[in-house]
Amino acid sequence: MSRFLYLISPSKINQSFYKDLDEVLCSRKVKYFQIRFKKYSRSKILNISKQVKKITKKYKVKLIMNDFPVLVKKINADGCHLGQSDGSIKNARKLLKKNKIIGITCHGSKKFVLNAIKEKPDYIALGSFFKSRLKPKAKKAQKNLIKWTKKRTNLPIVAIGGINNKNYKSLIRFGVNYLAISSYIWNNPRLKPNEAIKKFKLK
């Protein structure tokens, strides 16, 4: 099974989170798992990350920290994801080892894409392509930006924003390499996480 999903953590965890994560990663569809907690302290994020790392390691999933290159070093995660206001790729590279993954969000901006290409990240995230519960105020990106970006770089492209079982195939047709998902897996009113992940298929 090709690993084509970039799974982002729920905004807060419940008692079943670690069990659910194990069952979701067992699908072997997830390439990256990003830890993204905006309302937790760094010490709490650190404790959660240590537990998560045991599970991602078990299934050979790349563990990515949102925002904090320092925490990447502390738990020896596989890399970090930067927003446009989270510091430069250059500074993150100085702090981390050469083999660490660094990705960056470029939203729907050609300018951000061109700037990112110069800094040589390991992947570029584009979106939001659909209305997102995780980021309800995010600006909408046009799907043509995917093709425009692919003409200018061979870097992997991660599509983000409101992706679910009904709209993901259109993004694959435009040429994205990975689909970032979160709410559809963790906050699905009809399906448990291990059932929701089954709805994503490459064919």
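Run down Ala116, Ala138 and say which single residue is touching a strand residue (DSSP E or B) at 6+ places or on another chain (Cβ under 6 Å) and free of Cβ contacts under 8 Å to residues at least 40 places away in the same chain.
Numbers: Ala138 fails: touching a strand residue (DSSP E or B) at 6+ places or on another chain (Cβ under 6 Å).
Of Ala116, Ala138, the one residue that is touching a strand residue (DSSP E or B) at 6+ places or on another chain (Cβ under 6 Å) and free of Cβ contacts under 8 Å to residues at least 40 places away in the same chain is Ala116.
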Go through Ala141, Ala196, Ala125 for me and flag whichever is modelled with pLDDT under 95, under 22 Å from Arg36 (Cα atoms) and either open to solvent by less than 10 Å² (accessible area, probe 1.4 Å) or over 17 Å from the mean Cα position of the chain (by Cα) (or both).
Ala141
Output the residues belonging to the range 1-51 that are among the polar types (S, T, N, Q) and touching a residue at least 24 places away in the same chain (Cβ under 8 Å).
Ser2, Ser9, Ser11, Ser27, Gln34, Ser49, Gln51
Evaluate the range 21-31: report whether one residue or more is in contact with a Lys or Arg (Cβ under 9 Å, 6 or more places away or on another chain), modelled with pLDDT of 95 or more, closer than 28 Å to Phe112 by Cα and of a type outside the set (A, V, I, L, M).
yes
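Filter the range 14-69 down to the residues that are in a helix (DSSP H, G or I), closer than 20 Å to Asn188 by Cα and either out of contact with any helix residue (DSSP H, G or I) (no Cβ under 7 Å at 6 or more places or on another chain) or open to solvent by less than 10 Å² (accessible area, probe 1.4 Å) (or both) and list them by number.
Phe17, Lys19, Leu21, Val24, Leu25
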Go through (1) under 24 Å from Leu25 (Cβ atoms); (2) without any contact (Cβ under 8 Å) to a residue 40 or more places away in the chain; (3) surrounded by 14 or more Cβ atoms within 10 Å (Cβ to Cβ); (4) not β-branched (Val, Ile, Thr) and name the single condition Lys166 misses.
(3)
For Lys97, only one of the following conditions fails: (1) surrounded by fewer than 17 Cβ atoms within 10 Å (Cβ to Cβ); (2) touching a helix residue (DSSP H, G or I) at 6+ places or on another chain (Cβ under 7 Å); (3) modelled with pLDDT under 95. What is its number?
(2)
Need the failing condition index for Pro136 against (1) more than 26 Å from Asn187 (Cα to Cα); (2) open to solvent by 50 Å² or more (accessible area, probe 1.4 Å); (3) at pLDDT below 90, just the number.
(1)
Candidate set: the range 79-91, residues that are outside any helix (DSSP H, G or I) and free of Cβ contacts under 8 Å to residues at least 40 places away in the same chain; chosen: the one nearest to Asn47 (Cα to Cα)
Cys80
Could you list all residues from the range 100-122 that are β-branched (Val, Ile, Thr) and either at pLDDT below 95 or out of contact with any helix residue (DSSP H, G or I) (no Cβ under 6 Å at 6 or more places or on another chain) (or both)?
Ile101, Thr105, Ile117
Being at pLDDT below 95, under 22 Å from Ser11 (Cβ atoms) and either in contact with a strand residue (DSSP E or B) (Cβ under 7 Å, 6 or more places away or on another chain) or open to solvent by less than 90 Å² (accessible area, probe 1.4 Å) (or both) is the requirement here; does Ala92 meet it?
no
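The values are calculated or read from the model by the stated rules, or taken from the named source; none is laboratory data. Everything numeric in this text was worked out from a predicted model, so none of it was measured. Please note: Cβ atoms are built from the backbone with ideal geometry, for glycine as well, and neighbour counts cover all protein chains shown. Side chains included, ligands, DNA and RNA excluded: accessible areas come from the protein's heavy atoms. Shrake-Rupley method; radii C 1.70, N 1.55, O 1.52, S 1.80 Å.
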